[in-house]
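Here's the structure we're looking at; comments come further down.
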Amino acid sequence: MYINGKTIRDSQRDTIAVINPATEEIIQQVIKGNARDAEQAVEAARQAFPAWSRLSALKRARMMHDAASKIRVHHDELVRLLTQEEGKPLPENEEEIWWSEETIDYYAEIGRHHLGSVIPPADPDQFNFIRYQPWGVVGCIVPWNYPILLLVWKLAPALAAGNTLVIKPSKFTPLTTLKMVELAFDHFPPGVINVVTGYGSEVGEALVKHPDVPMIAFTGSLAVGQMISGWAGPQMKQLHLELGGKDPMVIAPDADLNLAVRGLAYSGLINTGQVCTSTERVYVHESIFSQFTEALADFVGKLKLGNGLDEDTDIGPMRADQFRTKVEEQLKGAVKTGAKILVGGERPAYLPKGFFLEPSVVVNVDHSMELMREETFGPVIPVMPYKTFDQAIELANDCQYGLGACLLTNDAKLVKQFYEQIQAGTVWINDPLTDNFAGPFGGMKMSGLGRELGIEGFNQFCQVKHVHWDIGAQPKDFWYPYGNKEENV
């Protein structure tokens, strides 16, 4: 673990084995933390907060830029370690680490100039301004699918705003987080950044319930997000929750077939479909449905599965066998009620080790199936035809989640109707799953609370204070006593 500026190693403690999902081999052991470790980390962060929050924004920015530079120095090392513990192919982890480096630089500059604003006063002798102030200790609970990027989307704005942090990485992927903090943030004051490894039921719950942690930033499942809300509610904590998704893609009849096939394969299968914004429901106009699904199945069937460290691998393993089993059960349930798998859906015999599952394309699906209602989080692309564009939007909105949505078309009228009517926090037109540092990311409906990235992402980690200053300091005519106005002059 990493607490108060020091790496903690203790061979006498219980440990958690971190397994390579491509080989099923143990990479390393980490300490199985507990509530006492969380308490120690929170206390370190609490003690560090006053000095860190008072540090000038320029000095904080310099330290953050230095951290980004250190990550770049160790870029290749972090990419390989992340591939070993998480499973994504090297190109996808190259992108994750690059995005993380750039996000830290971005928020270093946001924090340097975004302190507040001046608003018009009600009287010439008054001065009114808005000031953004940090919350204090922020508990960051991070998932395993993008363990560095989704941490940095919280860590960077939180630090830039003047908060201190206690990080609880996933039990599946703690290694790269620990390595990055040790290598890149060792110049930060002790206690500003802390990492406690362990299980959510012990470390995570202790963080959420701790009275000295006024804010929780969490990315993960809806069920856990609801649990966190229940724990945090009585203390009125600030919650930042990025939860599940069941993102739709609508393909219009004028869409370029090659673009649609390649774009959908990417958005549905990147990180083996283990992305909150993965395309998990596809609606294709009936006039091109057969041609499109045939081309999609042909393309997907040629993608290469393998160890993410192999340069020619397109799709790596799923992170754990339990997640693979869940996807298989969804597929079986859909087939049982009439769905047809055009390609994939099997455990590849030529890869006996590792949690591999062939990517699949599924047709004859409808909204009565769990495969079209509940988050799959795996390499499955279910495709359904539609007759009219109104029907496509209705189907896309027929879901409890509202994280992202994608449309492929060159028809401007359809684009306008789509982004106005679709119930999703991010809308992609012809370019699925592309993010922008300055563009806020987050969901509607049951997909969570708050936004990451952009100014909006910075503001999530700030409390807003309005300062009203009467420079003239004169009595007001609306003060007491009401009966004698001359006394108020």
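For (1) part of a helix (DSSP H, G or I); (2) closer than 26 Å to Ser221 by Cα, each residue gets a yes or a no:
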residue	(1), (2)
Arg262	yes, no
Leu269	yes, yes
Thr277	no, yes
Val284	no, no
Phe292	yes, no
Asp310	no, no
Thr313	no, no
Exercise. Does segment 58-79 contain any residue that is farther than 20 Å from Ala184 by Cβ, part of a helix (DSSP H, G or I) and not small (Gly, Ala, Ser)?
Worked result: no
Exercise. For segment 178-203, which residues satisfy the criterion of being of a type outside the set (A, V, I, L, M, F, W, C) and either within 17 Å of Gln47 (Cα to Cα) or surrounded by fewer than 24 Cβ atoms within 10 Å (Cβ to Cβ) (or both)?
Worked result: Lys179, Glu182, Asp186, His187, Pro189, Pro190, Gly191, Asn194, Tyr199, Gly200, Ser201, Glu202
Problem set entry | Residues located in segment 410-425, provided they are aliphatic (A, V, I, L, M) and either surrounded by 15 or more Cβ atoms within 10 Å (Cβ to Cβ) or closer than 30 Å to Glu109 by Cβ (or both) | Leu414, Val415, Ile422, Ala424
Problem set entry | Tabulated pairs, segment 123-144, first outside the structural domain of Gln274 (by TED's automatic domain parsing), second acidic (Asp, Glu), C-beta under 6 angstrom, 6+ apart or interchain | Gln126/Asp470; Val137/Asp212
Exercise. With (1) surrounded by fewer than 16 Cβ atoms within 10 Å (Cβ to Cβ); (2) part of a strand (DSSP E or B) as the list, and Trp428 as the residue in question, which single condition is left unmet?
Worked result: (1)
Exercise. Among Leu357, Leu264, which is the only one that is touching a residue at least 40 places away in the same chain (Cβ under 8 Å), closer than 30 Å to Leu449 by Cα and not assigned by TED's automatic domain parsing to the domain that holds Val79?
Worked result: Leu264
Problem set entry | Selection from segment 100-140 of residues that are hydrophobic (A, V, I, L, M, F, W, C) and either crowded, with 18+ Cβ neighbours inside 10 Å or in contact with a Gly (Cβ under 8 Å, 6 or more places away or on another chain) (or both) | Ile104, Ala108, Ile110, Phe129, Ile130, Trp135, Val137, Val138, Cys140
For this session: Identify the single condition in (1) part of a strand (DSSP E or B); (2) surrounded by 13 or more Cβ atoms within 10 Å (Cβ to Cβ); (3) in the same structural domain as Glu92 (by TED's automatic domain parsing) that Leu407 does not satisfy, given that it satisfies every other one.
Result: (3)
Problem set entry | Residue in segment 327-336 that is assigned to a loop (DSSP other than H, G, I, E, B), surrounded by 16 or more Cβ atoms within 10 Å (Cβ to Cβ) and at pLDDT 95 or above present | no
For this session: Take Arg13 and decide whether it is at negative phi, more than 25 Å from the chain's Cα centre (by Cα), outside any helix (DSSP H, G or I) and in the same structural domain as Ile97 (by TED's automatic domain parsing).
Result: yes
Exercise. Of Ala252, Ala217, Ala206, which residue is touching a strand residue (DSSP E or B) at 6+ places or on another chain (Cβ under 7 Å), buried (at least 19 other Cβ atoms within 10 Å of the Cβ) and either farther than 30 Å from Ile429 by Cα or outside the structural domain of Cys140 (by TED's automatic domain parsing) (or both)?
Worked result: Ala252
For this session: Go through segment 374-401 and give me each residue that's touching a residue at least 24 places away in the same chain (Cβ under 8 Å) and surrounded by fewer than 17 Cβ atoms within 10 Å (Cβ to Cβ).
Result: Lys387, Asn397, Asp398, Gln400
For this session: Sort out which residues of segment 215-236 are within 20 Å of the chain's Cα centre (by Cα), farther than 16 Å from Pro143 by Cα and not aliphatic (A, V, I, L, M), and write them in order of number.
Result: Ser229
Exercise. Which residues, taken from segment 431-459, are assigned to a loop (DSSP other than H, G, I, E, B), free of Cβ contacts under 8 Å to residues at least 40 places away in the same chain and in the same structural domain as Ile110 (by TED's automatic domain parsing)?
Worked result: Arg451
Exercise. Looking only at segment 298-326, which residues are under 17 Å from Pro382 (Cβ atoms) and either crowded, with 21+ Cβ neighbours inside 10 Å or within 25 Å of the chain's Cα centre (by Cα) (or both)?
Worked result: Val300, Lys326
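The values are calculated or read from the model by the stated rules, or taken from the named source; none is laboratory data. It should be emphasised that the depicted structure is a prediction, and the values quoted were computed from it without experimental measurement. Glycine also receives a Cβ, built like all others from the backbone with ideal geometry; neighbour counts cover every protein chain displayed.
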